[in-house]
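Okay, so here's the structure we're looking at.
The values are calculated or read from the model by the stated rules, or taken from the named source; none is laboratory data. Since the structure is predicted, the reported quantities are computational estimates derived from the model, not experimental observations. A quick note on method: Cβ atoms are made from the backbone with ideal geometry, for glycine too, and the neighbour counts reach across all protein chains shown.
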Amino acid sequence: MHSLVEKHVNDFFRDITGFGGLWGYLTFVVLTYVMVGTYFAAQLVVALVIIYASAVIIRLLYFKDRPNHERHKSVLERVDASSFPSIHAARITSMAYLFARQVPELVIPSVLLSLLVCASRVYLRKHFVIDVIGGIVLGVLVAVVVSKYV
């Protein structure tokens, strides 16, 4: 019985983490474009670009192994293997912030989804808690800048 529960918990977190992944994020961008409009979808795209640029710079300057060490042979693989900051956490946090500002009724679901994605990254041993906190901070900073200037 214990292994059955563990299997379903693992499946749940593996599925939830996808919302913070690139394809999950881009799916939200497309749905936003169709349902809300070009301006808000453009804000999400700008946030995504800033998150990636920032995270790559941070990871080039500061390498931190993941909980499950990943081998790397090139600079790009090294950037991808670095754990800090969590790009999943940054993406989902910025998206949650921007959605909550655009549609105030989505504050609670946005925060809940963001917290679940962040927890999934630690549970799945992709990041340490500090990596996720770094991603949350990056996501909030990017979302504040985008909501103010874009």
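Here are some notes:
- Considered as a group, the residues in segment 99-150 that are among the hydroxyl-bearing types (Ser, Thr, Tyr) and under 16 Å from residue 40 (Cα atoms) include one that is surrounded by the most Cβ atoms within 10 Å (Cβ to Cβ), and that residue is 110.
- Residue within segment 42-49 that is surrounded by 15 or more Cβ atoms within 10 Å (Cβ to Cβ), at pLDDT below 95 and either over 15 Å from the mean Cα position of the chain (by Cα) or under 18 Å from residue 137 (Cβ atoms) (or both) present: no
- Against the conditions (1) out of contact with any helix residue (DSSP H, G or I) (no Cβ under 8 Å at 6 or more places or on another chain); (2) within 24 Å of residue 6 (Cα to Cα); (3) without any contact (Cβ under 8 Å) to a residue 40 or more places away in the chain, residue 67 satisfies every one except (3).
- Number of residues in segment 14-41 that are surrounded by fewer than 17 Cβ atoms within 10 Å (Cβ to Cβ) and of a type outside the set (Ser, Thr, Tyr): the value is 13.
- Within segment 136-147, the residues that satisfy the criterion of being in contact (Cβ under 8 Å) with a residue 60 or more places away in the chain and under 11 Å from the mean Cα position of the chain (by Cα) are 138, 139.
- Close pairs from segment 4-31: first over 14 Å from residue 96 (Cα atoms), partner aromatic (Phe, Trp, Tyr), Cβ under 6 Å, at least 6 apart: 13/123
The rows are residues; the columns are (1) farther than 19 Å from residue 25 by Cβ; (2) touching a helix residue (DSSP H, G or I) at 6+ places or on another chain (Cβ under 8 Å); (3) not β-branched (Val, Ile, Thr).
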| position | (1), (2), (3) |
| --- | --- |
| 53 | no, no, yes |
| 59 | no, yes, yes |
| 74 | yes, no, yes |
| 96 | no, yes, yes |
| 102 | no, yes, yes |
| 108 | yes, no, no |
| 124 | no, yes, yes |
| 144 | no, yes, no |
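- Within segment 50-85, the residues that satisfy the criterion of being aliphatic (A, V, I, L, M) and surrounded by 15 or more Cβ atoms within 10 Å (Cβ to Cβ) are 50, 51, 55, 56, 58, 79, 81.
- All conditions but one from (1) within 18 Å of residue 26 (Cα to Cα); (2) touching a Phe, Trp or Tyr at 6+ places or on another chain (Cβ under 7 Å) apply to residue 82; the one that does not is (1).
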